[in-house]
Amino acid sequence: MRIVILNNSDDVAAYGAQLIIRQIQTKPDSVLGLATGSSPMKLYDKLVEAVAAGDVSLSQCVSFNLDEYVGLAPDHDQSYRSFMQKHLFERVDIRIENTHVPDGLALDPEDMCAQYEQAIRDHHGIDFQLLGIGANGHIGFNEPSSSLRSRTRIKTLTMQTVEDNARFFRADEFQPELAITMGIETIMESRQIMLLATGEHKAAAVKAMIEGPVSASCPASILQFHPKATIVLDTAAAGQLENTQFYQRVEQEAQKFEAK
Ligand code: GLP
């Protein structure tokens, strides 16, 4: 794991955006795995700025989102399809037909999940997967106890996740407690992974992910097995780590090496 600790969420977004921009510049037809939630929002703003400035183009990119709520139509305000349209897709030059988000209204969800996996395979896999982390260590909507070998499927959300995400829903609005999510093995097959975490409320999950045992109790800990995973943190999210100085020293050395 490459562990990058930065001062604040703006720096995390800038660093993350640079990594994803470099990926697209190197491979303009990159297959991107995308995430929703608060964590990637500033990164998406920076990507929008880079596209507007002509530094990068998503016109040949294909995207697959991690997850979607069961029971929400794509045009529902709180659907993850709507989130992506609003925060990224409608603001950049990606072709909408190249963007994929699981269908929350699928009549045969099992078949839809199998087709989602097939579509990823048809595009030769995900080049670069962006992730956030839940306060309980989930990635996508793979809650604690999810199989570390899981594929795209329906998951029941924990009450903590339902409560954490309640801020996006009006008090009188239906909030789903089921979601479709890429599986942990699906995520792990991505060639490169970048996880962003900011804020003190993520510190315990970040510690379990980086310094705890690999365990289904903290699904994000599986990233310890990934050959190319970068974890980008602000100091608050890194607050419970024990080996911070070591990670900072390794990162300084890595940057010196890359600058050569
Ligand atoms: C949500 C999403 C995840 C996201 C996580 C953290 O429930 N399903 O993909 O990474 O929880 O969300 P946030 O970035 O808003 O803290």
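The values are calculated or read from the model by the stated rules, or taken from the named source; none is laboratory data. What you see is a predicted model; the values in this text were computed from it and never measured. Cβ sites come from the backbone with ideal geometry, for glycine too, and all protein chains shown count toward neighbours. Quick note on the areas: whole protein, heavy atoms, side chains included, nothing else; ligands and nucleic acids left out. Shrake-Rupley method; radii C 1.70, N 1.55, O 1.52, S 1.80 Å.
Listed values, structure above:
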quantity	calculated
Members of the range 31-44 found to be crowded, with 21+ Cβ neighbours inside 10 Å and not in a strand (DSSP E or B), listed by number	ALA35, THR36, SER39, PRO40, LEU43, TYR44
Among residues of the range 225-243, those that are over 23 Å from LEU43 (Cβ atoms) and surrounded by 11 or more Cβ atoms within 10 Å (Cβ to Cβ), counted	3
Filter result (within 20 Å of SER190 (Cβ to Cβ) and of a type in the set (A, V, I, L, M, F, W, C)) within the range 41-88	LEU43, LEU47, VAL56, LEU58, CYS61, VAL62, PHE64, LEU66, MET84, LEU88
Qualifying residue in the range 58-71 (condition: touching a helix residue (DSSP H, G or I) at 6+ places or on another chain (Cβ under 9 Å), over 20 Å from ARG95 (Cα atoms) and not in a strand (DSSP E or B))	yes
Complete set of residues in the range 165-208 that are within 13 Å of the ligand (Cβ to nearest atom), within 21 Å of LEU19 (Cα to Cα) and open to solvent by less than 10 Å² (accessible area, probe 1.4 Å)	ILE187, ILE193, MET194, LEU195, LEU196, ALA197, VAL206
Answer residue from the range 77-107, given it is hydroxyl-bearing (Ser, Thr, Tyr) and touching a strand residue (DSSP E or B) at 6+ places or on another chain (Cβ under 9 Å) and is surrounded by the most Cβ atoms within 10 Å (Cβ to Cβ) among those	TYR80
Unmet criterion (only one of (1) free of Cβ contacts under 8 Å to residues at least 60 places away in the same chain; (2) part of a helix (DSSP H, G or I)) for GLN23	(1)
Residue in the range 4-15 that is over 16 Å from the mean Cα position of the chain (by Cα), at pLDDT 95 or above and closer than 17 Å to LYS228 by Cβ present	yes
Hits in the range 47-76 - residues which are within 16 Å of the ligand (Cβ to nearest atom), within 20 Å of the chain's Cα centre (by Cα) and either within 17 Å of ASP164 (Cα to Cα) or open to solvent by 20 Å² or more (accessible area, probe 1.4 Å) (or both)	ASP67, GLU68, TYR69, VAL70
Some residue of the range 108-129 being over 30 Å from ILE24 (Cβ atoms) and in a loop (DSSP other than H, G, I, E, B)	yes
Among (1) free of Cβ contacts under 8 Å to residues at least 60 places away in the same chain; (2) over 18 Å from the mean Cα position of the chain (by Cα); (3) away from the ligand (no atom under 14 Å from the Cβ), the one test that ALA254 misses	(1)
Tally, over the range 136-164, of residues that are near the ligand (Cβ under 9 Å from one of its atoms) and open to solvent by 30 Å² or more (accessible area, probe 1.4 Å)	1
